[in-house]
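Peer 1: Pasting a structure here, questions to come.
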Amino acid sequence: MPRKLGRSLVWVLAAAAVHAVAADQTPPTHQVVIEAVQYAPQLITAKVGEVIVWVNHDPFPHTVTATGKQFDSHDIAPGGSWKFQATKAGLFEYSCTYHPAMKGMLRIE
Ligand SMILES: [Cu+2]
């Protein structure tokens, strides 16, 4: 193979490798459905860097508010959702400010 062509081929392969890594960088996402004034599932386990999405299927707003105030979605409108990217390991209890009986747990490993 002529030397110049060989070098171009290396560049093409390198570019493809960079692209593959970039595509893999979307963090895994976990979903919690809010329905009938409940979080389902109630306990979710994720790793630091992963994303958790709460989707509100009720016809009224809810919140996802950590008991220790580490995170707070504020109002999640009916049909709306809220995303949270975990940055710290720990066990986080949360509830809804409108419905204190709604309880959920987020375990970040
Ligand atoms: Cu609520």
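The values are calculated or read from the model by the stated rules, or taken from the named source; none is laboratory data. None of these values were measured; they are calculated from a predicted model. Backbone-built Cβ (ideal geometry, glycine too); neighbour counts: all protein chains shown. Protein only, heavy atoms only, side chains kept; ligands, DNA and RNA dropped before computing areas. Shrake-Rupley method; radii C 1.70, N 1.55, O 1.52, S 1.80 Å.
Peer 1: Hey, among the residues in region 56-86 that are open to solvent by less than 50 Å² (accessible area, probe 1.4 Å), away from the ligand (no atom under 14 Å from the Cβ) and not small (Gly, Ala, Ser), which one's nearest to Ala40 (Cα to Cα)?
Peer 2: Across region 56-86, the extreme among qualifying residues is Phe84.
Peer 1: Now, a different point. Being assigned to a strand (DSSP E or B) and surrounded by fewer than 14 Cβ atoms within 10 Å (Cβ to Cβ) is the requirement here; does Leu91 meet it?
Peer 2: Working: assigned to a strand (DSSP E or B): yes; surrounded by fewer than 14 Cβ atoms within 10 Å (Cβ to Cβ): yes.
Judged against the criteria, Leu91 is a match.
Peer 1: Looking at (1) open to solvent by 50 Å² or more (accessible area, probe 1.4 Å); (2) charged (D, E, K, R); (3) modelled with pLDDT of 95 or more; (4) within 19 Å of Thr97 (Cα to Cα), which is the one condition that is false for Lys47?
Peer 2: Only one criterion in (1) open to solvent by 50 Å² or more (accessible area, probe 1.4 Å); (2) charged (D, E, K, R); (3) modelled with pLDDT of 95 or more; (4) within 19 Å of Thr97 (Cα to Cα) is unmet by Lys47, namely (4).
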